[in-house]
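The values are calculated or read from the model by the stated rules, or taken from the named source; none is laboratory data. The shown structure was predicted, so the numbers you read here are calculated from the model rather than taken from an experiment. Cβ atoms come from the backbone with ideal geometry, glycine included; neighbour counts cover every protein chain shown.
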């Protein structure tokens, strides 16, 4: 049995990124236990975010334009009501982040500087430290969390199971260096980030392999839009894992995409290099599939000013032996953001009583089939507060003391999953590859071993991708290149994914 800790009346937040910290801070002075695998402020996707936070603050901008850009990028699958509510809260979220200490960049008169990113019709990206927005925002919030007496931070601990009684949360089993611990609580928030660690080429921390999705799926929660995985078109093509990101703001300042001969292959495309991410990622992927190398060339547009404008990017380019002032930067697409996740309403409530989710692990419907750049940090900041407000309005029911046999709780290793999911569910997909991946993932998902949880998430992504027999947003099927006008958003439970995978494996064996 696991060590027992009674956390009745205390909300447990799983995840130390922007969404989790925002939720914990917004719940103060109510007690919160925040569980994080890494030291607070490290190994979170939020820390790596370069661009910033999207908000309609400029004199030539307004909420309706931000909404229109979001809906356009979402390719018909945004939940418009959710998008309206979240985007309308953007200016207030910026003010809250400023109050918490986020050092956003300003001009000589003290006005916020606003950047431009792909598929935005206006400059509306609020940034900090040039291309170090995530790091600077997280530094401020981490300091505030550590200063808040009502928040107990437990680092170096990984949540492994949710304990459920009659479709209601009763506790969390977590692994520590001293063995498993059972936290008894009726209120849990999953804010564990994305799934980039499931792919061979990704920009998320290696530990971001969908652990929160696996937790919720095994607890019986409904998932939504899992097939929609956004591949960032311009990750630094190197041997590092994860790959370093070359922010869209570089293209926003005029950098162009070229092949090894200097040919600008996006020049005639609508929007050119500032087309939606899925369009650019597919263009880059096709060039690479044709045998070309692809580069981002900022020599003429940014030139000698690159180290000042983009200090973090300049630093890791130099570390890879590339001088962006005098050389084009080698790039490739990489798994970057998951539009899908745990299906939640605007308050962050999942289909399991007492389980909330926010940030990338959640699916609110804001992003639809393709996320608009810098709406992710915005969603984390806004919806973290929405979750806190929802929890404050609930009175958890009394339930019997949870129990759980923790003898089989093991760590997680996504390494065996990466080649399978990369080959089948990358930038371009087709039925045979997805079917073979489902067949390979099924025994791993059912194994109970270290690859089990990553395989569960990967299998659900593959099954959702098989179900969507069309191309839309970030989901591109070479065998179904057109759109189905009758298509709807995908919802999926783990038991249904397992059944479909078993049936598929049986059919393939005949």
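Structure summary
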| quantity | calculated |
| --- | --- |
| Residues that are free of Cβ contacts under 8 Å to residues at least 60 places away in the same chain, under 21 Å from residue 275 (Cβ atoms) and in contact with a helix residue (DSSP H, G or I) (Cβ under 9 Å, 6 or more places away or on another chain), drawn from segment 43-91 | 66, 67 |
| Matching residues in segment 469-504 - criterion: being buried (at least 24 other Cβ atoms within 10 Å of the Cβ) and either within 22 Å of the chain's Cα centre (by Cα) or at pLDDT below 95 (or both) | 473, 474, 475, 497 |
| Number of the condition not met by residue 345 [criteria: (1) closer than 25 Å to residue 477 by Cα; (2) free of Cβ contacts under 8 Å to residues at least 24 places away in the same chain] | (1) |
| Qualifying residue in segment 92-100 (condition: at pLDDT below 95 and either within 24 Å of residue 365 (Cβ to Cβ) or exposed (fewer than 14 other Cβ atoms within 10 Å of the Cβ) (or both)) | no |
| Residue match in segment 249-258 (condition: out of contact with any strand residue (DSSP E or B) (no Cβ under 9 Å at 6 or more places or on another chain) and on the phi > 0 side of the Ramachandran plot) | yes |
| Every residue from segment 278-309 that is in contact with a helix residue (DSSP H, G or I) (Cβ under 6 Å, 6 or more places away or on another chain) and under 16 Å from residue 232 (Cβ atoms) | 294 |
| Hey, residue 507 more than 20 Å from residue 194 (Cα to Cα) and buried (at least 22 other Cβ atoms within 10 Å of the Cβ) or not | no |
| Scan of segment 110-144 for residues that are outside any loop (DSSP other than H, G, I, E, B) and more than 22 Å from the chain's Cα centre (by Cα), ordered by number | 112, 114, 143, 144 |
| Candidates 323, 300 - the one that is outside the structural domain of residue 19 (by TED's automatic domain parsing), assigned to a loop (DSSP other than H, G, I, E, B), free of Cβ contacts under 8 Å to residues at least 24 places away in the same chain and on the phi < 0 side of the Ramachandran plot | 323 |
| Members of segment 465-495 found to be without any contact (Cβ under 8 Å) to a residue 40 or more places away in the chain and in contact with a helix residue (DSSP H, G or I) (Cβ under 8 Å, 6 or more places away or on another chain), listed by number | 466 |
| Criterion: touching a helix residue (DSSP H, G or I) at 6+ places or on another chain (Cβ under 6 Å), more than 22 Å from residue 159 (Cβ to Cβ) and part of a loop (DSSP other than H, G, I, E, B) - qualifying residue of 462, 427 | 427 |
| Selection count, segment 189-220, where residues are surrounded by fewer than 24 Cβ atoms within 10 Å (Cβ to Cβ) and in a loop (DSSP other than H, G, I, E, B) | 7 |
